[in-house]
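Below: the structure, in structure tokens.
The values are calculated or read from the model by the stated rules, or taken from the named source; none is laboratory data. These numbers come from a predicted model, not from an experiment. FYI the Cβ positions are ideal-geometry reconstructions off the backbone, even for glycines, and counts take in every protein chain you see.
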Amino acid sequence: MTIRVIIVDDQAIIRSGLRMILESSEEFEVVGEAADGADAIIQAKLQQPDIALMDLCMPNMDGICATRKLVQLPNPPHVLVLSTYSSDNLVLDALDAGAGGFLLKDLRCEELLSAMRVIASGGRVFAPELLRNLVRQATLRTPVYVNGLDARVAALSDSERKVLRLIGMGMSNGQIAKELHLASTSVKTYVSRTLAKLGLNNRTQAAVVAYSIGLAANPDDTAEESPAD
């Protein structure tokens, strides 16, 4: 199955280079390009991509604002940020907005393709140099989606709380299924229900919540999460 992608970057030469890399693999089809966030919203509505490969610093509408709007679409694409900048606050802003991963533009071609596969499968990816202490810093900053958390967490069933804890530990759906002796389809249902009840956009935000309420004690120091099964 072909993975449909839109490339969002204000530099035409960067868009051309990314298109060339993606189209070198038969797995990906670039269905649109955008030079700013506003155009990205238009392209996403027209093309219904699986992934938006997103720059952050752009004119008119930046990548953070665009990501926030993209994940609210009826059929939202996964958002993978590809940026030159790597400050903790910028990474956290992107995750708060709903991005599923954050990579730097100095990565190798195969690393990008591998990350795109993970994102398309519902996983999360981070540049190794960004992930250390990222979740811990997120809990210290208290993201917007953590506000009013007690009532939302109280609405979770025991099974959903167990799933939330394992998400916080960085487990994929397949790993959670083995840990809890559940079918993969059941895990998918629990993950979806947990995200919905907590008002979250993705597993990364769920991990932050798990740390915030003490379900997961130690930040995940791995660079990449396995694709959701």
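Kindly check whether there is at least one residue in the stretch 60-72 that is outside any helix (DSSP H, G or I), assigned by TED's automatic domain parsing to the domain that holds Arg108 and closer than 16 Å to Gly101 by Cβ. I'd like the intermediate steps shown before the answer.
Of the stretch 60-72, the ones outside any helix (DSSP H, G or I) are 60-62, 71-72.
When the remaining residues are screened for being assigned by TED's automatic domain parsing to the domain that holds Arg108, the result is 60-62, 71-72.
Of the ones still in play, those that are also closer than 16 Å to Gly101 by Cβ are 71.
Yes, that holds for at least one residue.
Out of Leu56, Leu22, Leu92, which single residue is within 15 Å of the chain's Cα centre (by Cα) and surrounded by fewer than 23 Cβ atoms within 10 Å (Cβ to Cβ)? Talk me through it step by step, then tell me what you get.
Values: Leu56 fails: surrounded by fewer than 23 Cβ atoms within 10 Å (Cβ to Cβ); Leu22 fails: within 15 Å of the chain's Cα centre (by Cα).
After ruling out the rest, the residue left standing is Leu92.
When the stretch 9-59 is filtered for residues that are more than 23 Å from Arg124 (Cβ to Cβ), part of a strand (DSSP E or B) and acidic (Asp, Glu), only Glu33 remains.
Reported count of residues in the stretch 119-130, each being surrounded by 17 or more Cβ atoms within 10 Å (Cβ to Cβ), modelled with pLDDT under 85 and out of contact with any Pro (no Cβ under 8 Å at 6 or more places or on another chain), is 5.
Is there a residue in the stretch 1-17 that is of a type in the set (Gly, Ala, Ser) and in contact (Cβ under 8 Å) with a residue 24 or more places away in the chain?
First, the residues of the stretch 1-17 that are of a type in the set (Gly, Ala, Ser): 12, 16-17.
If we keep only those that are in contact (Cβ under 8 Å) with a residue 24 or more places away in the chain as well, we get none.
No, because not a single residue in the stretch 1-17 is of a type in the set (Gly, Ala, Ser) and in contact (Cβ under 8 Å) with a residue 24 or more places away in the chain.
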